[in-house]
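The numbers here are math on the coordinates, done by the rules we state, and not lab data. Predicted, not measured: the structure shown is a model, and the values here were computed from it. All Cβ positions, even for glycine, are placed from backbone atoms using ideal geometry, and neighbour counts span all protein chains on display.
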Amino acid sequence: MTLSSTIKAITMAAIASVSISTMAADVAPTSPQLSVQLWSIKDDVAKDFEGTLKKLKAMGFQGVEFAGNFGPYANDPKGLKAFLDKTGLKASAAHVPFEKLNAENFDATVAFYKAIDCKYLIIPMDMRAFTTDGAKEVAADLAAIQTKLTPHGMHTGYHNHEGEMLGEMGKTPWDVIGGNTSQAVVLQQDVGWTEVAGKDPIAFIKAYPGRTITTHYKASAPKPGNTEHPIIGQDTTDWKALIEANKTYGGTLWLVVEQESYPEGMTPMQSVEASLKGLQKVISEM
């Protein structure tokens, strides 16, 4: 290697180092709390809302992510907030479909979630987002909703499945959504679905620093033929590296356990508890 090429190599390495450091510095390090998507145990929630949430708190969860079922509090957000406070749980976020944020329903939806101190209203799925053209429409809708939510100190966001992650890196539907919405719009990545799409979830966290405010930690997405073990810590995901990326680049406030696949012989509640323990073990070893 010539002297000039050596100097060039050193210079490029230095530039890369500064670039990475700058990106990391733009996002304050976080210590994410642990939540659970209530869809994971939807039957338990339907049968015994209060009892189920109390059990989740006893397991060690600090928050819950709502999925449309509020038990006896469907029309009583103040009562729900009082119950959450008494139980020691926070509303980490909620999955809210676009129609709940349309012109007709916007005010009532915002009032409900404001009352329970839930700031992140995440669109759970929109099949338009499975193509890049459709993702542009979704991004426009998200941007419009965020403009209306900002004065309330709230955020919308989007949660992926497999379709949004397919295609060339940088040109996926997920990239279309990320590139056509502001920093205020949350990119709630579902790790299980990202991996089913054959992508590295860490790459997407780093591509959009500070926007992975809440992340779904799912060991196995329910796609036919997927043989990944469904319990966190018993699967093949490098959770330590992922957690570090969430903390360093993602601006992540909540790691959200979501269970959609259940080992034979285990109930949904048992599966969720096993994944929580697996995640806690990983964190303790970091």
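Computed from point charges on the beta carbon alone (+1 for Lys and Arg, -1 for Asp and Glu), the dipole magnitude for the chain about its Cα centre is near 760 Debye. For Met169 and Met266, the difference between the fully extended length at 0.36 nm per residue and the C-alpha to C-alpha distance is 31.2 nm.
Calculate, in nm to one decimal, what Lys277 and Glu50 gain on full extension: separation in residues at 0.36 nm each, minus their alpha carbon distance.
This chain segment gains 79.5 nm when fully extended.
The sum of -39500 (n - 2.57) across all DSSP H runs of n ≥ 4, divided by the residue count of the chain, sets its helix-only mean residue ellipticity at 222 nm to -13000 deg cm²/dmol. Protection proxy ranking of 222-228, 99-105, by the mean of other Cβ atoms within 10 Å over each peptide's residues and highest first, is 99-105, 222-228. On full extension, the segment bounded by Asp117 and Asp238 gains 40.3 nm, given 0.36 nm per residue less the C-alpha separation.
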